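A quick write-up on the structure given underneath.
Rule-based calculations on the coordinates, nothing more; no lab input. In this text the structure is predicted, and so the values were computed from the model without any measurement. Cβ placement follows ideal geometry from the backbone for every residue including glycine, while neighbour counts extend to all protein chains displayed.
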Amino acid sequence: MLYRLRREDFGEMMHPGGVSPSWPVTYETLAPYYDRAERLYSVHGAVDSDPTEPPRGPFPHPPIEHQGRIAVIAERLRELGLHPSHLPLGLLRPGEPDGCILCDTCNSFPCKIRAKSDADVCTVSPALEHDAVTLWTNAYAERLITNGSGDKVVAAEIIRDGQPVRAEAPLFVVSCGAVNSAALLLRSANDVHRDGLANSSGLVGRNYMAHLATMLGAFMPPRHDTVFQKTVAINDYYLRGPETDYPLGHIQSQGRSNATIAKAGGPPAARGVPTWAYNAWFARGVEWLAMSEDLPSPENRVTLTSDGRIRLRWEAINAEAHHELVALARRLLRKVGAWYVLPISLGVVNTTHQCGTAVFGTDPKCSVLDTWCRTHDVDNLFVVDASFFPSSAAVNPALTIAAQALRAADHIKDTHLR
Ligand code: SF4
């Protein structure tokens, strides 16, 4: 799912749970990098009826059309006056002999035929075709080591195949994901950076965000044979609800589920449900995801325990808007034909869409990174993943991570590598 943030996500927005802060760059700053990222990750989509679509040109590839039951639901949503739109999907060559076969295991599984636009397929493997690029696997970055004055990283201490290795370089880019990037900086504390590397603001690890997300199972007899159902989005309530003036979030259809996914990803009680019951449900079911913006709080944070383990504290802040979105989605799905709509992930907490632990900005007192994701405190250290997000928005973050990474790479090329 490769969404651009909505233009409004770059500005300040009021939610019932608090304020979603503005970004130090605008949508227009990232737009050309979104264009490049969409080409790089082969995004299929349509500039059609999404009321929140920001100004943009056509997608690099046409949308994946709604199939079977999803096409029927999209039509019924339109009859209700809503604006169902095509999800922006990262798939390679759908329908071509060596391309994506639009199967029913896209959700939750890697693609066995390498037709999903993931980072390995679209960027890491192609990069390895260059002689100058080396990939170390089974290698764990333990600490970053600075020079005596603390203004440059000189080496990374790495455990590779169980052995300590020291890697020296003129430039370091940390990209471990929002939780682990923060943890690496905190682990790298030294005499100059006592509270963690690049942490003069005290914000490394703080403001951790992850979307408020609830999976919904809609029971819609009769049985149906729609194979690829992750194609439709409802963004009518992204900026305001039908009866409220604040944002609720985003709703999207999901790939078909099965008993294995339900037992592995559901709440503990889900494991005791017999497989035949799941099969009966999912043969007639359509799965959905309702997703609302999480808001930054300094108390939601990554820290290290005294023995070096990562501790993550998180408490939902914008729950009121999310509960409203879930209730609204359930009502909508009943109106378009569902007999029952059950929240099937209630109470499950995971780190999907993690962001915010090294926020970017122009003021070193209020941010960890500058607007090109270079740390304010250390000249040759960049953090390029979702750690830089000042707010989480309510659409999938991957394309924004890629776009900002391309922007940071251009900056590095023009400055440090010149
Ligand atoms: S898992 Fe299936 S739908 Fe997903 S990219 Fe691979 S072939 Fe396509």
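Brief remarks follow.
- Relative contact order for the chain, counting Cα pairs under 8 Å that sit 6 or more residues apart, in percent: 22
- Label-point separation in nm, Arg114 to Asn190, each point 7 Å along Cα→Cβ: 3.9
- Excluding exposed DSSP-loop GluC sites (Glu not before Pro) (at most 16 other C-beta within 10 Å), longest clean stretch of the chain: 130-242
- The stretch 377-400 residues near the modelled Glu320 label - backbone nitrogen below 20 Å, point 7 Å along Cα→Cβ: 392-394
- GNM flexibility winner over the chain from Ile113, Ile251, Ile234 (Cα, springs under 10 Å): Ile113
- Inter-centroid distance (Cα atoms) of the stretch 335-389 relative to the stretch 222-246, Å: 23
- DSSP-assigned coil residues among trypsin sites (Lys or Arg not before Pro) in the stretch 33-102, each with at most 15 further Cβ atoms within 10 Å: Arg56
- Two-site FRET efficiency, Asp245 against Arg7, from Cβ-Cβ distance with R₀ of 25 Å, rounded to 0.05: 0.85
- Kirkwood Rh and Cα Rg combined as Rg over Rh, evaluated for the chain: 0.97
- Here is the list for the stretch 158-237: trypsin sites (Lys or Arg not before Pro) lying in DSSP coil, each with at most 15 other C-beta atoms within 10 angstrom of its C-beta, are Arg194, Arg223.
- Span per principal axis, largest first, for the Cα atoms of the stretch 258-337 (Å): 49, 29, 14
- Ordering Lys413, Lys263 by the number of other Cβ atoms within 10 Å of each residue's own Cβ, fewest first, gives Lys413, Lys263.
- Charge-dipole axis of the chain as Lys and Arg at +1 and Asp and Glu at -1 on Cβ define it, positive-most pick from Ser345, Ser306, Thr357: Ser345
- Shape call, the stretch 343-418: gyration tensor on alpha carbons, a/c limit 1.5: prolate
- Over 32 Å apart at the Cα level, from the set Lys116/Lys365; Lys112/Lys152; Lys365/Lys413; Lys116/Lys152; Lys263/Lys335; Lys230/Lys413, are Lys116/Lys365; Lys112/Lys152; Lys116/Lys152; Lys230/Lys413.
- Note on Ala71/Leu342: beta-carbon distance plugged into 1/(1 + (r/R0)^6) with R0 of 35 Å gives a FRET efficiency of 0.90.
- Base-10 log of normalised Debye intensity for the stretch 1-113 (one unit scatterer per alpha-carbon) at q = 0.09, 0.12, 0.21, 0.23 Å⁻¹: -0.32, -0.56, -1.22, -1.29
- Residues listed by number, the stretch 97-123, amide nitrogen under 14 Å from Thr352 label point at 7 Å toward C-beta: 106-110
- Pairs of Cα atoms nearer than 8 Å and 6+ residues apart set the relative contact order; for the stretch 172-313 it is 31 percent.
- The magnitude of the dipole of the stretch 336-418, with charges of +1 and -1 set on the Cβ of Lys/Arg and Asp/Glu and taken from the Cα centre, is near 120 debye.
- Helix-only CD estimate at 222 nm, as mean residue ellipticity for the chain, using -39500 (n - 2.57) per DSSP H run (n ≥ 4): -6500 deg cm²/dmol
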